[in-house]
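*Asks:* Shown below is the structure under consideration.
The values are calculated or read from the model by the stated rules, or taken from the named source; none is laboratory data. What you see is a predicted model; the values in this text were computed from it and never measured. FYI the Cβ positions are ideal-geometry reconstructions off the backbone, even for glycines, and counts take in every protein chain you see. Note: areas computed on protein heavy atoms with side chains; ligands, DNA, RNA excluded. Shrake-Rupley method; radii C 1.70, N 1.55, O 1.52, S 1.80 Å.
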Amino acid sequence: MFYQNKDFIGYSHIQHLIPKFEQFNWEIASLIITSSKISTSKKYNYGTKFNRVAMKKTKIQLPTKNEDPDYKLIKTLASAIQKTVIKDLVLYVNRKNKINVVNN
């Protein structure tokens, strides 16, 4: 599963899901995809396809507010995760660069 912002040509093995709400964006898609991957882990493979029918039957957990998805919180969580990943990447690169300087 992945988020594709722009139109693309899909073939028979690609399922194209279209959101039914306006707030949909990369951040919301990322959390829905991650939740879907967790919910479907080890259930689907090349022989057992994850398609629209399977997706409709799949239950995922998202943050809610008044029994609806809390889109504001979802965006905040996605932003926090993204910042954490960037920070970890910067720390990793800095450590690698220190090792290379010492070894040279």
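*Asks:* In deg cm²/dmol and to the nearest 500, what is the mean residue ellipticity at 222 nm of the chain if only DSSP H runs of at least 4 residues count, each as -39500 (n - 2.57), divided by the residue total?
*Replies:* Values: 3 runs with 54 residues, N = 104.
Taking each H run of at least 4 residues, the total per residue is -17500 deg cm²/dmol.
*Asks:* Out of these labelled values of Cα extents along the principal axes in Å, (i) 56, 39, 29; (ii) 34, 29, 25; (iii) 37, 28, 24, which was calculated from the coordinates shown here?
*Replies:* Answer by label: (i).
*Asks:* Residue by residue through segment 52-68, what is 3J(HN,Hα) from phi via Karplus (6.51 cos²θ - 1.76 cosθ + 1.60, θ = phi - 60°)? Round to whole Hz and write x for glycine and proline.
*Replies:* Karplus-based 3J(HN,Hα) across segment 52-68 equals 4, 4, 5, 4, 4, 8, 7, 9, 10, 10, 10, x, 10, 9, 6, 6, 10 Hz.
*Asks:* Measuring from label point to label point, each 7 Å out along Cα→Cβ, what is the residue 51 to residue 5 span in nm?
*Replies:* The two pseudo-label positions are separated by 3.1 nm.
*Asks:* With every protein chain present, what is the per residue accessible area of the chain (1.4 Å probe, Å²)?
*Replies:* Computed with neighbouring chains in place, this is 88 Å² per residue.
*Asks:* To continue, here is another question. Which value, in debye to the nearest 20, describes the size of the charge dipole of segment 21-66 about its Cα centre when Lys and Arg Cβ atoms bear +1, Asp and Glu Cβ atoms bear -1, and nothing else is charged?
*Replies:* Using only the charged Cβ atoms, the result is roughly 360 debye.
*Asks:* Note down the magnitude of the dipole of the chain about its Cα centre, charges +1 on Lys and Arg C-beta and -1 on Asp and Glu C-beta and zero elsewhere, to the nearest 20 debye.
*Replies:* So the magnitude is around 380 debye.
*Asks:* Carbon and sulfur atoms: what percent of the 1.4 Å accessible area of the chain do they account for?
*Replies:* Carbon plus sulfur share of accessible area: 55 percent.
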